[in-house]
Amino acid sequence: METKKNKTTLLIMAAGMGSRFGSLKQLALLGPHKKTLLHYSIYDAVHAGFDKIVFIIRRSFEREFKEAVGKYAESLVETVYCFQEMDRLPGNMPPIEREKPWGTAHAIWSAKDSINEPFIAINADDFYGRDAFVKMHDFVANNPDERCFSLAGYRLAATLSENGTVSRGICTVDKDNFLTSITERTKIGREGSAIKDMNSGVTLHEDNVVSMNFWGFTPMLFGEIEKQFVDFYQANSNNPKAEIYIPFVVDELIKQQAVKVKVLNTSAQWFGVTYKEDAELVNNALQKFDGEGLYTDMGQ
């Protein structure tokens, strides 16, 4: 691990409803120690050197979440809770009646008053792997440029589900491994030996670099989200299902040449529980890690 210059924070987006999984998938108990995937992310982040954890949750499951996961984080590192609320909007825009949250960009913006240092943002229901946390931590801890973000890059073939289609951000990078664009494809799956975007029919390559929503940011992001949200809000005021995703915000900033994003390719294995049937595969993987001596003190 490099000598650290900046205080660093891990922001975890856990406000999702987990509709496809059929429950609060953030709280599903997995692996030999019967922990959530969030426990593994917290464990990896603390061991990588992060100083603080900020959870984005909903008030409706605050008590349950703190009991299941929050107490574990609090025992290891400074822990803060923020709430993604439908009526608290960037730019003081008036609330609109809707059932779905406003999206990942709005979720991250919800933590703006609790983060004044470089941070990484992840999903609550993904297993990202130790290597990814170490690389991302060391980058944000030593990054002197507030307009240089980072992204953990995973191999597409290693991020698919055997039980249905998945949504992935397909990345293109330049010769220096800076992100040039990110295309959100919301229905990727296998068709025979091929990997395809089922919506468009486009064939994808197994070695395509994909974003698993594992980002490294500086606090200047919050103001940029606010600017883009106002435009998004005005364009989608009559669409109660529209969401503003963080890849869209970053892609727009790249197009404006307002930021650059370093893609840090990781050898870490990614796992997720998109569907209930994915749990068996994740359990097997966590059991294997335990047999290799990783996470052996998770049960303590």
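The values are calculated or read from the model by the stated rules, or taken from the named source; none is laboratory data. Computed from a prediction, not measured in an experiment: that's the story for all the values here. All Cβ positions, even for glycine, are placed from backbone atoms using ideal geometry, and neighbour counts span all protein chains on display. Accessible surface areas use protein heavy atoms only, side chains included; no ligands, DNA or RNA. Shrake-Rupley method; radii C 1.70, N 1.55, O 1.52, S 1.80 Å.
Here are the numbers:
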{"item": "So Ser161, is it of a type in the set (Gly, Ala, Ser) and touching a helix residue (DSSP H, G or I) at 6+ places or on another chain (Cβ under 9 Å)", "result": "yes"}
{"item": "Selection within the range 96-119 - in contact with a Ser or Thr (Cβ under 7 Å, 6 or more places away or on another chain) and under 20 Å from Phe50 (Cα atoms)", "result": "Ile115, Glu117, Pro118, Phe119"}
{"item": "Matching residues in the range 226-235 - criterion: being open to solvent by 40 Å² or more (accessible area, probe 1.4 Å) and either part of a loop (DSSP other than H, G, I, E, B) or out of contact with any Gly (no Cβ under 7 Å at 6 or more places or on another chain) (or both)", "result": "Lys227, Asp231, Gln234, Ala235"}
{"item": "Those residues of the range 257-289 which are assigned to a helix (DSSP H, G or I), open to solvent by 40 Å² or more (accessible area, probe 1.4 Å) and not basic (Lys, Arg), in sequence order", "result": "Glu280, Leu281, Asn283, Asn284, Gln287"}
{"item": "Filtered residue count, the range 103-118, keeping only those that are among the small types (Gly, Ala, Ser), farther than 22 Å from Pro144 by Cα and not in a loop (DSSP other than H, G, I, E, B)", "result": "2"}
{"item": "Selection count where residues are more than 22 Å from Cys148 (Cβ to Cβ), out of contact with any Ser or Thr (no Cβ under 6 Å at 6 or more places or on another chain) and of a type in the set (Ser, Thr, Tyr), scope the range 261-274", "result": "1"}
{"item": "Filter result for Phe61 (open to solvent by less than 10 Å² (accessible area, probe 1.4 Å), within 29 Å of Leu29 (Cβ to Cβ) and outside any strand (DSSP E or B))", "result": "no"}
{"item": "Residue check for Gly223: assigned to a helix (DSSP H, G or I), open to solvent by 30 Å² or more (accessible area, probe 1.4 Å) and either among the small types (Gly, Ala, Ser) or free of Cβ contacts under 8 Å to residues at least 12 places away in the same chain (or both)", "result": "yes"}
{"item": "Sole exception among (1) touching a strand residue (DSSP E or B) at 6+ places or on another chain (Cβ under 6 Å); (2) in a strand (DSSP E or B) for Asp251, by number", "result": "(2)"}
{"item": "Any chance Leu294 is assigned to a loop (DSSP other than H, G, I, E, B), farther than 25 Å from Gly103 by Cα, open to solvent by 20 Å² or more (accessible area, probe 1.4 Å) and aliphatic (A, V, I, L, M)", "result": "yes"}
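So that you can scan it fast, the table gives a plain yes or no per residue for (1) open to solvent by 40 Å² or more (accessible area, probe 1.4 Å); (2) more than 16 Å from the chain's Cα centre (by Cα); (3) in contact (Cβ under 8 Å) with a residue 24 or more places away in the chain:
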position	(1), (2), (3)
Gly91	no, yes, yes
Glu97	yes, yes, yes
Trp109	no, no, yes
Asn116	yes, yes, yes
Phe119	no, no, yes
Arg147	yes, yes, yes
Ser150	no, no, yes
Glu162	yes, yes, yes
Val173	yes, yes, yes
